[in-house]
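Rule-based calculations on the coordinates, nothing more; no lab input. All figures in this text were calculated on a predicted structure; none of them were measured in a lab. Counting neighbours? That spans all protein chains shown, and the Cβs are built from the backbone with ideal geometry, glycine included.
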Amino acid sequence: MMSKKTGRSNRSVVTARRGPSLTMIVGIVVVLLFAGVVGFGVYRTQHQSGSGAIPTNATASGVTVGQASAPATVDIYLDFQCPVCNEYEKQSGPTLDGLIASGAAKVVYHPLAFLDRFSSTKYSTRASEAAGCIAQDGPAVFARYLKVLYANQPPENGDGLPESQLISLGQQAGAGPNFAGCVSANTFAGWTAALTDAASKAGIDATPTVEVNGKQIDNTDAALRQAVQAAK
Amino acid sequence: MTAVGATFEARGPAWNWLSTLGRLVLGGIWIAAGVSKITDLDASVRAVRAYRILPELAAQLVGAGLPAVELLLGVLLLVGAGVRACAAVSAVLMAVYMVGIASAWVRGLQIDCGCFGGGGGLAAGVRPSYGWELTRDAGLLVLAVLLARWPVGPFAVDGILAARREESGR
C-alpha cells in the first residue's frame, strides 16, 4: 500500500516537470494535422465545383488572336490587375498588333487570376471571367476589350472595377447581346480557375510572362521582335 | 506547495513573463501568416508549387493545409494550450521552411517565399529577399526552441490545467 502510493506521487512529479503528457502532445499534433486535412478538403472541393464550360473562340488555357497558321506563337500570361502587364501592353501592344496583322505571329492571351488579393472584390478573377465572355464575340472584340480593360485598370489594393463597368466597357469594345448576362452569371468561373491552375502547374509564377514558341523571353520589345523573327 | 513549484519551475517571475511574451510573439506571427493565406488557398498552393520541390498532390496538400495549421498553432500559443508541443511543432515547421527557402536560393529561383500570402511570384523588378527571409525564420526557430524548453508562463491554459491537476491530485 505504502510503496504503491510513493510510486504514484513520483510519477506525478515527473509528469509535472516534463510539462504536458504524451497524450497532450499527440493530441495537439493530431488536431493540427486534422486542420491541415480540412484545408486540403476545402481546396479540393472548391476545385471540383468549377463548371467545365469553355468560351467559344477560346481554349481551356486562353484566347488566341491571329491566324492559326502563323509560324510564331506568343503566349502572354497576364493579370488584369497587374500594373506591369499594363505597361507591357503599352510597350509591346502595337508590336503584337503588327505581328498579328502581318501573319508573323499569333498571340495566346492567358488572363490569369494571380492577384485576387490585391483587390477587395477578386478583380483578377472577375476580369478574366468577363474576358472569357467577350471571347464568344470573336478574337478581335476580345483584343479590343483587353486594351480597354488595361486603359481602365483599377489601382492595386482597391475595390476593382464594379461589374456594371466591366459590362459597359465590354459594350464599348463591341460585345454582343449575351455579354452582360454572361458576366453577371459568372459563366466562366471554372474556365478562369482552370487556366490559372494550368499556368501555375506549368511553372508560371508571375505576370506578365511572355513565351515565344514555348520559350520564355525577356519582357522587352526587342526580345519579342527578335524571338518572333527567329521563329520564321 | 512543492508540487506547484515543480510545475511552474523554479525561475524568477520575470523569466515566466518572458515565456509568455515569446508565446504571444510566435502565436501572433503564426496567426498573421495563417490569415494572410487562408482566404486564398489557390495562391498558397501556387506559392508551394513555385518552390518546385514537391509533386503536385503534395504541393496541394501542403499549400492548402498549412494555412489552417498555422492559424490553429497561433491560437493555441496565444491561449497557452499545449505550449511545449506547439513550440516544438513550430520549430520543426520553421526548420522545414528554411530548408525550402535555402533550396530556392541555391537553385537561383526568382520567387517570393509566400510566407505571408501571395502566390510565390515576385513583381517585376523585385529581387528575392532570401537572406532576410532566412534570418527571420532562424530567429523564430530559436524563439520556438526556447519556448519548447521553457513553455510555462502566466496567462496560459496549461497553467490552469496544471493547477487543477494538482488540486485533484492532492
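Assign one of three labels to the protein assembly as shown, namely rounded, prolate or oblate, based on the Cα gyration tensor with a ≥ b ≥ c the square roots of its eigenvalues; rounded applies when a/c is under 1.5, prolate when it is not and a/b is larger than b/c, and oblate otherwise. Prolate, because a/c is 1.5 or more and a/b exceeds b/c. Compared with the dominant principal axis of the Cα atoms in chain A, helix A:163-173 is inclined by about 20°. Charges were assigned to the Cβ only: +1 to each Lys and Arg, -1 to each Asp and Glu. The resulting dipole of the protein assembly as shown about its Cα centre is roughly 2020 debye. Between A:Q91 and B:V75, the simple label model (points 7 Å from Cα in the Cβ direction) yields a spacing of 4.6 nm. Spin-label model, A:A53 to A:K147: label points 7 Å out along the Cα-to-beta-carbon direction sit 2.9 nm apart. Each peptide in A:72-78, A:185-191 was scored by the mean count of other Cβ atoms within 10 Å over its residues; highest first, the order is A:72-78, A:185-191.
Shown for A:E87, B:E133: other C-beta atoms within 10 Å of each C-beta, ranked fewest to most, produce the order A:E87, B:E133.
For chain A, the Kirkwood radius over C-alpha pairs fed into Stokes-Einstein at 4 °C and 1.567 mPa s yields D = 64 µm² per second. Distances between placed amide hydrogens fall under 5 Å for A:S119 paired with A:N157, all partners being 5 or more residues away or on another chain. Each of B:V79, B:I53, B:C115 was scored by the projection of its Cα onto the charge dipole of segment B:42-170, and the greatest displacement toward the positive side belongs to B:I53; charges sit on the C-beta of Lys, Arg, Asp and Glu. If I fit a long axis through the Cα atoms of helix B:41-50 and take the longest principal axis of the Cα atoms of chain B, what angle between them do I get, 0 to 90°, rounded to 10? Orientation of helix B:41-50: about 70 degrees from the principal axis. Ranked by the mean number of other Cβ atoms within 10 Å of their residues, highest first, the peptides A:96-102, B:88-94 come out as B:88-94, A:96-102.
Specify whether the C-alpha gyration tensor of segment A:137-232 places it in the rounded, prolate or oblate class, a ≥ b ≥ c being the square roots of the eigenvalues: rounded for a/c under 1.5, otherwise prolate if a/b is larger than b/c and oblate if not. In terms of gyration-tensor shape, prolate. Comparing A:Q171, A:Q81, A:Q48 in a Gaussian network model of chain A where C-alpha atoms under 10 Å apart are linked, the largest mean-square fluctuation is found at A:Q48. Cross-link pairs exceeding 20 Å between alpha carbons, from the set A:K147/A:K232; A:K90/A:K201; A:K106/A:K201; A:K122/B:K37: A:K147/A:K232; A:K90/A:K201; A:K106/A:K201.
The packing ranking of peptides A:107-113, B:142-148, highest mean first, is A:107-113, B:142-148, where packing means the average number of other beta carbon atoms within 10 angstrom of each residue. Inter-chain Cβ neighbour count for B:39-48, averaged per residue, equals 5 (cutoff 10 Å, partner chain atoms only).
Counting, for every residue in B:61-72, the Cβ atoms of other protein chains within 10 Å of its Cβ and taking the mean gives 6.
For segment A:186-232 versus segment A:122-167, the inter-centroid distance based on Cα atoms is 18 Å. Counting, for every residue in B:82-88, the Cβ atoms of other protein chains within 10 Å of its Cβ and taking the mean gives 5. Computed from Cα positions, the angle between helix A:123-135 and the longest principal axis of chain A comes to roughly 40 degrees.
As a proxy for reagent exposure, ranking B:W150, B:W17 by other Cβ atoms within 10 Å from fewest up yields B:W17, B:W150.
With viscosity set to 1.567 mPa s at 4 °C, what whole-number translational diffusion coefficient in µm²/s follows for segment B:2-169 from Stokes-Einstein and a Kirkwood radius over Cα pairs? The estimated diffusion coefficient comes to 76 µm²/s.
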